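The values are calculated or read from the model by the stated rules, or taken from the named source; none is laboratory data. Since we're looking at a predicted model, the values are computed, not measured. Neighbour counts are summed over all protein chains in view; Cβ atoms, including those assigned to glycine, are modelled from backbone coordinates with ideal geometry.
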Amino acid sequence: MTDKTVLNDTHRALGARMVDFGGWDMPINYGSQIEEHHVVRRDAGMFDVSHMTVVDLHGARTREFLRHLLANSVDKLKVQGKALYSCMLNEQGGVIDDLIVYFLGEEFFRLVVNAATREKDLAWITQQAKAFDVEVKERPDYAMIAVQGPNARAKVIGLLAEVDHERMKKLGKFAAAAAQGPHGMPLFVARTGYTGEDGFEIIVPQEHAVALWQALAAAGVAPAGLGARDTLRLEAGMNLYGQDMDDTVSPWEANLGWTIALDEGRDFIGRNALEAQKAAGVKRVMVGLVLDDKGVLRHGQPVLTANGAGEILSGSFAPTLNKAVAFARIPVGEPGDVRVDIRGREVPVRIVKYPFVRDGQPCEGI
Amino acid sequence: MSEIPGDLKFLKSHEWARVEDDGLVRVGISDHAQGQLGDLVYVELPEIGASVQAGHGVAVVESVKAASDIYSPVSGEIVAVNEELNDKPETINEDAFGNGWIFLVRASDRGELDELLDADAYAELVENEDH
């Protein structure tokens, strides 16, 4: 049984090519994935991300619970509305999921977790929450629309109630606030995203999602499919759960060390394992690759280095760069001349620092 | 979906073959196939002079989404490839049955053409796939 978001009929009416995406019937594109990619880099595009899971946490000890649950420190969240990206680890230091947590009150935090990991996440969070007497409540009554691109914020703000304009213009990066949308619909607007562009991710009650989508379309925001979302996030250097990391990979091996807060005395799940790995030396590292020749880097292709073989995690043609880029996990150490095995042909690639693209422009050295 | 030209023959794997006036067999992929693949970004063309066997992989087309082997509908020798695809792989998206052709074969056994689907049978195959 395939799940459908409340926007399913809207996508079909737009002629979207629909695919199964972790059990959800989702639009991969509405015609051209590459054009949808460019419109987000140059103007504004919108994605239906209602398949993602919103989980509300309530209780007096919610912050204390999240200190234990997450590898990043919720103590960085001091101002109401602020958001934090974090991994949720198992005892072995493997990544159960990556998520965003919003601080909405001392007794109220909101998580947005991945769609494909929904069941295991809910089971894990619920199990861990018991000791803290925190209520874990999934919010299937919400839809979510990501509006991304250099003109995305202006186009969204134009649809909000007049009284919200100034406040929403000032909303900082990685912060969220409530606002009134078209026809007075209540919105939760977060200045976050998964494209490397500025923009908002908007959580909206399901019954208003179609009206919001149509208002955005009328304001000149172009529909974009999950295909473009994938190439945008890869160019932006953002990991995809299940492809770049999973339960068997630690954040050290997924270039997510920056999200681990080893703050004094905080006993989070997986901490002991992470510290042991760090002390022993991490054996595998995640790097960015660029292919200057023709061809496309793809998930699963072997990567040959001086220290042995690794493999490509996320790999794709990058429309902004007009060449292929990838993330790869390879043995630690000076890699020498790196090659990728593409259908039996060894093709030279360059190891680069990523992101590959930021704010519409290729990064230096790409 | 554009009209399927009646003079084409098809493999079930969505390659088309057209016998030209000079008897050479031009090969490409169907409009349905390009739609399924999405935006094409790279085409790996065969070598001119290479010998090919019917039903074997000869070229590769890559879209943003995936790489796909292109099988030759007939055995023979590659006599030309569509060099334009090196710079403009999207030509296949724009005109799969025309300017988006991929390679030209001098067939060694024209009888193999009789094994292929005709346009109506192929249209039916696509129809069934969509449901």
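In segment A:227-256, the residue that is surrounded by the fewest Cβ atoms within 10 Å (Cβ to Cβ) out of those that are of a type in the set (Val, Ile, Thr) and more than 28 Å from B:Ser63 (Cα to Cα) is A:Thr248. Checking each residue in segment A:321-366 for being touching a helix residue (DSSP H, G or I) at 6+ places or on another chain (Cβ under 8 Å) and surrounded by fewer than 23 Cβ atoms within 10 Å (Cβ to Cβ) picks out A:Leu321, A:Arg329, A:Pro355, A:Gly360. Given the criteria among the basic types (Lys, Arg), at pLDDT 95 or above, in contact with a Leu (Cβ under 9 Å, 6 or more places away or on another chain) and under 24 Å from A:Thr2 (Cα atoms), does A:Lys76 qualify? Spelling it out, it is not the case that A:Lys76 is among the basic types (Lys, Arg), at pLDDT 95 or above, in contact with a Leu (Cβ under 9 Å, 6 or more places away or on another chain) and under 24 Å from A:Thr2 (Cα atoms).
The condition (being touching a Pro at 6+ places or on another chain (Cβ under 8 Å), closer than 27 Å to A:Phe103 by Cβ and at pLDDT 95 or above) is satisfied by just one residue among A:Glu201, A:Glu197, A:Glu166: A:Glu197. Within segment B:61-73, the residues that satisfy the criterion of being within 12 Å of chain A (Cβ to nearest Cβ) and either closer than 20 Å to A:Val19 by Cα or buried (at least 19 other Cβ atoms within 10 Å of the Cβ) (or both) are B:Val61, B:Glu62, B:Ser63, B:Val64, B:Lys65, B:Ala66, B:Ala67, B:Ser68. Out of B:Val25, B:Val52, one residue alone is under 11 Å from the mean Cα position of the chain (by Cα), more than 13 Å from chain A (Cβ to nearest Cβ) and over 30 Å from A:Thr320 (Cβ atoms). It is B:Val25. Within segment A:62-76, the set of residues being hydroxyl-bearing (Ser, Thr, Tyr) and within 21 Å of the chain's Cα centre (by Cα) comprises just one member, A:Ser73. The sole residue among A:Thr259, A:Thr248 that is touching a Pro at 6+ places or on another chain (Cβ under 7 Å) and either among the basic types (Lys, Arg) or at pLDDT 95 or above (or both) is A:Thr259.
Of the strands (runs of 3 or more DSSP E) that lie entirely inside segment A:1-112, those containing 2 or more residues that are surrounded by fewer than 18 Cβ atoms within 10 Å (Cβ to Cβ) span A:17-21, A:53-58. Is there a residue being in a strand (DSSP E or B) and among the basic types (Lys, Arg) anywhere in segment B:90-113? Yes; the residues of segment B:90-113 include at least one that is in a strand (DSSP E or B) and among the basic types (Lys, Arg). Among the residues of segment A:335-350, those that are out of contact with any Gly (no Cβ under 7 Å at 6 or more places or on another chain) and either more than 14 Å from chain B (Cβ to nearest Cβ) or in a strand (DSSP E or B) (or both) comprise A:Pro335, A:Gly336, A:Asp337, A:Val338, A:Arg339, A:Val340, A:Asp341, A:Arg345, A:Glu346, A:Pro348, A:Val349, A:Arg350.
Note on segment A:290-317: residues that are in a loop (DSSP other than H, G, I, E, B) and more than 22 Å from the chain's Cα centre (by Cα) total 8. Of all residues in segment B:74-87, those satisfying the criterion of being away from chain A (no Cβ under 12 Å) and either under 23 Å from A:Gly227 (Cβ atoms) or not small (Gly, Ala, Ser) (or both) are B:Val74, B:Glu77, B:Ile78, B:Val79, B:Val81, B:Asn82, B:Glu83, B:Glu84. Quick one: how many residues across segment A:1-21 are in contact (Cβ under 8 Å) with a residue 24 or more places away in the chain and touching a Gly at 6+ places or on another chain (Cβ under 8 Å)? Total meeting the criteria: 3. Cβ-Cβ distances below 7 Å connect the following pairs, each with a first residue in segment A:28-41 that is more than 8 Å from every other protein chain (Cβ to nearest Cβ), a second residue that is crowded, with 20+ Cβ neighbours inside 10 Å and assigned to a helix (DSSP H, G or I), and a separation of six or more residues or different chains: A:Tyr30/A:Glu36; A:Glu36/A:Ala228; A:His37/A:Ala228; A:His37/A:Thr231; A:His37/A:Leu232; A:Val40/A:Ala228; A:Val40/A:Leu232.
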